[in-house]
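J.: This is the structure I have questions about; it appears just below.
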Amino acid sequence: MEERIYKMAFSFLKKRISADTLREFEGRGVSPEEFFTSPTKELINKLGIPQNHDFDKMAREESLAMAIDQEKRISNHNVKALFVLDEDYPSRLAETPDPPIILYKLGDADLEGEHMVSVVGTRKPTPYGLDSCNNLIEEIGDYFPEAEIVSGLAYGIDASAHRKALEKGLPTIAVVAHGLNMIYPAAHRNLAKQIIHDKGAIISEYPFDTQPFKANFLARNRIVAGLSDVTIVVESNIKGGAMSTANYAFLYNRDVMAFPGRSSDDLSSGCNLLIRKNKAHLIECAADLIEVTGWEPLNMPLGPKQRNLFPELEGDARKVYEVLKFQSNEPIQIDILGSLTGIPTPKLMALLSELEFDGIIMRFPGNRFSVS
């Protein structure tokens, strides 16, 4: 029996195990095949687990039988099963606290792309949200032609992100909350086919015939965040599903960005909250993405935001800017800023006013400042 079947069988165990547990098994010299074929007593001794374990012979045999059946089915549909400890498993996702043991993949997209960007948002976007999504991906494609767009194939912003990526010639990856022998929503079947046809991929942690239950969508969001360098929320209310994706990305110490909106707009309330809580950087265009990530774009102008991205400052003004930009992620109080720059308070206050007027820095309550 091929080793990948034993690896796949781990995902069918009734007792859910983590990637860290599998690493412990590996460290104790227990291969996937040995785990599923060793006598129970021998396995207990090798793993050093107590007698009241959940890995009895019957449970392991049932899991192995399910894996054998799954292997036959996915092979007939050209679906690959990526094991969390193998080299072909996406490294960004493997670094997260709870990666799927098996990741099913249909399509040719490179899950190790140099620039991985997830774009998520509400299922009922406004024209502002759709324009923001499409314009952003247009610009990303201009600056980073090899970038890959990750989203969840849902209605609204997700579908818009996939479609715009396809239009721009960017590979796009759809993370779904069900088995890969179906597409939900059904209205997006043609979109899914185009994604696969155009060097993208549909991926899932769920085996064939798994239905799109509500809880699966929340679990799916951690994969969207985990695959990406940066997660961008276009429009979302406070309880939107995109908020869970953003929170996962924040938890994983990945960059999070959000488009701002009017305080009266419910579909901007989630984005505004992320920005207000310092969980997300404000984004209006790809130049903001470049500033936050530090990615180096093609040799082309950054457009109207370039002045704010790389202000041509000299002397004390440049010193103030560099301290605010590189010393802290939080706004800095004026007395601390004076200590760090060595600029006398009266002169510093005048400089800060000029920089604020030019839109280069922002003032916060308590005479605290940060770059715009």
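J.: Does the range 27-40 contain at least one residue that is surrounded by 18 or more Cβ atoms within 10 Å (Cβ to Cβ), more than 33 Å from the chain's Cα centre (by Cα) and over 22 Å from ILE223 (Cβ atoms)?
T.: yes
J.: While we're looking at this one, here's another question. Of all residues in the range 276-287 being crowded, with 20+ Cβ neighbours inside 10 Å and either outside any loop (DSSP other than H, G, I, E, B) or among the β-branched types (Val, Ile, Thr) (or both), which is modelled with the lowest pLDDT?
T.: ALA287
J.: While we're looking at this one, here's another question. Got a number for residues in the range 262-285 being farther than 18 Å from THR122 by Cα, in contact (Cβ under 8 Å) with a residue 24 or more places away in the chain and over 17 Å from the mean Cα position of the chain (by Cα)?
T.: Adding up the residues that qualify gives 2.
J.: Quick one: in the range 304-326, of everything that is open to solvent by 100 Å² or more (accessible area, probe 1.4 Å) and of a type in the set (A, V, I, L, M, F, W, C), which residue is modelled with the lowest pLDDT? Break it down into steps so the answer makes sense when it comes.
T.: Pass one, the range 304-326, residues open to solvent by 100 Å² or more (accessible area, probe 1.4 Å): 304, 307, 310, 312, 314, 318, 326.
Filter once more, keeping what is of a type in the set (A, V, I, L, M, F, W, C): 310, 326.
Numbers: PHE310: 47, PHE326: 72.
So the residue we want is PHE310.
J.: Open to solvent by 60 Å² or more (accessible area, probe 1.4 Å) and over 18 Å from PHE25 (Cα atoms), is that true of GLU87?
T.: No, not satisfied.
J.: Out of all the residues in the range 230-244, is one or more touching a Lys or Arg at 6+ places or on another chain (Cβ under 9 Å) and closer than 26 Å to ARG16 by Cα?
T.: yes
J.: To continue, here is another question. Among the residues of the range 237-244, are any at pLDDT below 95 and open to solvent by 60 Å² or more (accessible area, probe 1.4 Å)?
T.: Yes, because at least one residue in the range 237-244 is at pLDDT below 95 and open to solvent by 60 Å² or more (accessible area, probe 1.4 Å).
J.: If you don't mind, another one. If you go through the range 6-22 one residue at a time, how many are more than 25 Å from the chain's Cα centre (by Cα) and surrounded by fewer than 19 Cβ atoms within 10 Å (Cβ to Cβ)?
T.: So the count comes out to 2.
J.: Within the range 200-234, track down each residue that is open to solvent by 10 Å² or more (accessible area, probe 1.4 Å), part of a loop (DSSP other than H, G, I, E, B) and in contact with a helix residue (DSSP H, G or I) (Cβ under 8 Å, 6 or more places away or on another chain).
T.: Within the range 200-234, GLU205, TYR206, PRO207, PHE208, THR210, ASP229 meet the criteria.
J.: Starting from the range 343-372, keep only residues that are closer than 11 Å to LEU324 by Cα and among the charged types (D, E, K, R), then list their pairs with residues that are open to solvent by 70 Å² or more (accessible area, probe 1.4 Å) and at pLDDT below 85 whose Cβ atoms are within a distance under 9 Å, requiring at least 6 positions of separation or different chains.
T.: Within 9 Å, the pairs are ARG368/GLU330.
J.: Could you list, in sequence order, the residues of the range 327-341 that are farther than 18 Å from LEU282 by Cα and open to solvent by 60 Å² or more (accessible area, probe 1.4 Å)?
T.: Within the range 327-341, GLN327, GLN333, ASP335, ILE336, SER339, LEU340 qualify.
J.: Under the condition of being within 21 Å of ASN190 (Cα to Cα) and more than 17 Å from the chain's Cα centre (by Cα), which residue from the range 126-159 is most open to solvent (accessible area, probe 1.4 Å)?
T.: Taking the candidates together, the pick is TYR155.
J.: Oh, and also: So PRO260 clears everything in (1) part of a loop (DSSP other than H, G, I, E, B); (2) open to solvent by less than 50 Å² (accessible area, probe 1.4 Å); (3) under 23 Å from ILE173 (Cβ atoms) except one condition, right? Which one?
T.: Looking at each condition in turn, PRO260 falls short on (3).
The values are calculated or read from the model by the stated rules, or taken from the named source; none is laboratory data. Just so it is clear, the model here is predicted, and its values are computed rather than measured. Positions of Cβ are generated from backbone atoms using ideal geometry, with glycine treated the same way; all protein chains shown enter the neighbour counts. Side chains are part of the model used for accessible areas, which takes the heavy atoms of the whole protein and leaves out ligands, DNA and RNA. Shrake-Rupley method; radii C 1.70, N 1.55, O 1.52, S 1.80 Å.
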